[in-house]
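Below is one structure, written out as structure tokens; comments come after it.
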Amino acid sequence: MMKADKIWMDGKLVAWDQAQVHVLTHALHYGLGVFEGIRAYKTADGRSAVFRLREHVQRLADSAHILMMPLPFSVEALSEACVEVLKANRMPEAYLRPLAFSGYGTLGVGAQNPTQVVIAAWPWGAYLSDEGLAKGIRAKVSSFTRMHVNVNMVRAKVSGQYVNSILANREAVLAGYDEAILLDTDGYVAEGSGENIYIVKDGTIFTPPLSSPVLAGITRDSVLRIARDQGVPVVEQKFTRDTMYIADELFMTGTAAEVTPVREVDNRRIGKGEPGPVTRALQSGFFRAVKGEDPKYRDWLSFYQA
Ligand code: PMP
């Protein structure tokens, strides 16, 4: 990871190396933290913009609310702090990582410690590689299951829940694939280890509904809107793993992964084994939106001068 100058910590900017916690910090032991991943891009007019900043910070606040974790800063203050971090580090493009976690105090699952909040930023290229973005990745259905809706707080982005993602991703990568696809407890397709998932069949996009154990991805919301604006029908519906095998196209989305085509699942070629026309149009529509090249989606951008 490339070091930046400053990290925002509990209300002020501190030097990167000074952003530290005690080893008995509660969240380190039990995973009681909530976080976000947000991207900022250079835009067409020379300024930069954070993509859907407000929605990300609101999701962070919602995640904290779900866990009954008091958040000592407002959505407005945290949104401003995100931009402050980008400016302080003079970053025209970056990945932002806000994290709110149960801090130092007492240990034990019943402890009620003060919440600490940090916001870091660093440059992060294509999450699933430039080649993956251009040509598509190879994925494998995981032997790990996405946790049931009564186990996993599906509307929250909770640190501890990412052990499930890490197990699935490692298994897939060690087996020679680029990413894992997790099924739900009924065996239907849920999502990637850090991405929502979609198939395209006969010109229609299908994606698991938000009643499935999937994160309500902000990229998901964005690409579904762009798809509808492009005249592509969207159906939010559960589907089986073999429905992926016979799809015309398959892709994943996430703040880190952006819009990544999937060219192969479980060693079956998807469609022609390359990004299809619907995926390509959506990918370019998405990049135009984040880079401020499409006035329709200007509201999604929070501009700043790095
Ligand atoms: N699902 C999971 C499990 C994720 O970690 C992410 C990344 N935040 C997503 C989906 C995609 O969400 P978003 O588009 O908001 O980044």
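The values are calculated or read from the model by the stated rules, or taken from the named source; none is laboratory data. Note that the structure is a prediction, hence the values are computed from the model and not measured. Cβ atoms come from the backbone with ideal geometry, glycine included; neighbour counts cover every protein chain shown. What goes into the accessible areas is simple: the full protein's heavy atoms, side chains included, and nothing from ligands, DNA or RNA. Shrake-Rupley method; radii C 1.70, N 1.55, O 1.52, S 1.80 Å.
The figures follow:
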quantity: Index of the failed condition, N267 passing every other in (1) open to solvent by 70 Å² or more (accessible area, probe 1.4 Å); (2) within 14 Å of the ligand (Cβ to nearest atom); calculated: (2)
quantity: Of residues in segment 194-204 being within 12 Å of the ligand (Cβ to nearest atom) and outside any strand (DSSP E or B), the one surrounded by the fewest Cβ atoms within 10 Å (Cβ to Cβ); calculated: G194
quantity: Any chance R263 is closer than 26 Å to S129 by Cα and basic (K, R); calculated: yes
quantity: Inter-residue pairs, beta-carbon under 8 Å, first on the phi > 0 side of the Ramachandran plot and away from the ligand (no atom under 12 Å from the Cβ) and in segment 139-162, second modelled with pLDDT under 95 and among the β-branched types (V, I, T), 6+ apart; calculated: none
quantity: Sole exception among (1) in contact with a Lys or Arg (Cβ under 9 Å, 6 or more places away or on another chain); (2) away from the ligand (no atom under 11 Å from the Cβ); (3) among the aliphatic types (A, V, I, L, M); (4) under 30 Å from M69 (Cα atoms) for L167, by number; calculated: (1)
quantity: Among the candidates F286, F303, residue that is of a type in the set (F, W, Y), in contact (Cβ under 8 Å) with a residue 60 or more places away in the chain, surrounded by fewer than 22 Cβ atoms within 10 Å (Cβ to Cβ) and within 16 Å of the ligand (Cβ to nearest atom); calculated: F286
quantity: So R280, is it open to solvent by 10 Å² or more (accessible area, probe 1.4 Å), away from the ligand (no atom under 16 Å from the Cβ) and over 29 Å from P92 (Cα atoms); calculated: no
quantity: Unmet criterion (only one of (1) open to solvent by 20 Å² or more (accessible area, probe 1.4 Å); (2) within 17 Å of Q237 (Cα to Cα); (3) not polar (S, T, N, Q)) for I181; calculated: (1)
quantity: Subset of segment 205-242 (residues that are surrounded by 15 or more Cβ atoms within 10 Å (Cβ to Cβ), more than 9 Å from the ligand (Cβ to nearest atom), farther than 26 Å from G160 by Cβ and hydroxyl-bearing (S, T, Y)); calculated: none
